[in-house]
Amino acid sequence: MTSLIEPGLIRCTAVVMSHRLLEPFLEAARSAYEECTPSEPPSCFAVLVGSVQGESAMVRRVELARSVRSTDEVAAAEFRETIVPLFGAAYENIHRGFWCDSKDLLRIQRSAEADGWDIIGSVHLHPDWHRIGPPAERGLRISERPTPMDCYMFGSTGWPVNMICYLKRGGGRLQHRLGAWGLPAGLQDTDCPPLDIRLGTGGQERAA
């Protein structure tokens, strides 16, 4: 399998996509949010497929993927040996964090290549855990901005687009905000540059 994008070498300043592409992810994210408990944070993750043209990432498909965080031995070792020591005991919870199923990733990559595209990034859920999580885990305020662990994971994948969907309850309904972020300068860097989001509807684009 030959990727069209060399991880970590492609950087962009904007991500362009149709909002309708996000609808299946948003539906899955809302379901995960509604079903979560204080001991099991909601988790939702999707892979972004498309191409990078100049400084813009063009998203053509959004593919939901499964997490094997709680069952994969490589994932368990990474969390135990690296992520927990770096980012805290909260990540000992096997329901916290995401590890994409390698079978899903291979399937998505092959499908993308068949259409002349590539995997260019991901989108994942951030709930308002500082409001709905257990008291011991409410110290870190969550939003559409990346946490230090997010930045580490972004740097590890090397994908140029890293989107976060912040989901919170307000006014009696669930609301979401989107953020998009580039790669950190290094794995130990906790600062990711923001990317412009241009959401298209009916051939038009608007800023998120």
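The values are calculated or read from the model by the stated rules, or taken from the named source; none is laboratory data. Here the structure is a predicted model, which means the values were calculated and not measured. Positions of Cβ are generated from backbone atoms using ideal geometry, with glycine treated the same way; all protein chains shown enter the neighbour counts. Remember, those area values only see protein heavy atoms, side chains included, never the ligands or the DNA or RNA. Shrake-Rupley method; radii C 1.70, N 1.55, O 1.52, S 1.80 Å.
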Highest-MSF residue in the chain out of G182, G54, G158 [GNM, Cα springs under 10 Å]: G54
Both in Å, the radius of gyration and Dmax of the C-alpha trace of the chain are 16.4, 48
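Per residue, how much accessible surface does region 57-208 expose to a 1.4 Å probe? Answer in Å², no decimals.
Here the residues of region 57-208 average 50 Å² of exposed surface.
Please get the size of the charge dipole for region 1-102, origin at its Cα centre, with Cβ charges of +1 on Lys and Arg and -1 on Asp and Glu, quoted in debye to the nearest 20. Don't skip to the end; give the middle numbers.
Numbers: 9 positive and 14 negative charges, 67 e Å.
Computed about the Cα centre, the dipole is about 320 debye.
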Add -39500 (n - 2.57) for each DSSP H run of 4 or more in the chain, then divide by its residues: what number comes out at 222 nm, to the nearest 500 deg cm²/dmol? -6500 deg cm²/dmol
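Pop out the carbon and sulfur fraction of the accessible area of region 76-199 as a percent, whole number, probe 1.4 Å. Write out the running numbers ahead of the final one.
Values: 2930 of 5760 Å².
Whole-percent figure for carbon plus sulfur exposure: 51.
Using the Kyte-Doolittle scale, find the helices of the chain whose mean hydropathy is at least -1.0 and whose Cα atoms extend 15 Å or more along the helix's long axis, counting only whole DSSP H runs. Intermediate results must be reported in sequence, preceding the final value.
Numbers: long enough: 23-35 (18 Å, -0.78); 102-114 (18 Å, -0.72).
Answer set is 23-35, 102-114.
Add +1 for every Lys or Arg and -1 for every Asp or Glu among the other residues with Cβ under 13 Å from the Cβ of S51, and state the total. Provide the component values of the computation, followed by the final result.
Details: positive: R60, R61; negative: E55, E113, D115, D118.
Counting the neighbours of S51, the net charge comes to -2.
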Looking at S56, F25, F79, which one has the Cα that reaches farthest to the positive end of the dipole of region 1-91 (charges on Cβ: Lys, Arg +1; Asp, Glu -1)? S56
In debye to the nearest 20, the charge dipole size for the chain, taken about the Cα centre with +1 at each Lys and Arg Cβ and -1 at each Asp and Glu Cβ, equals 660 debye
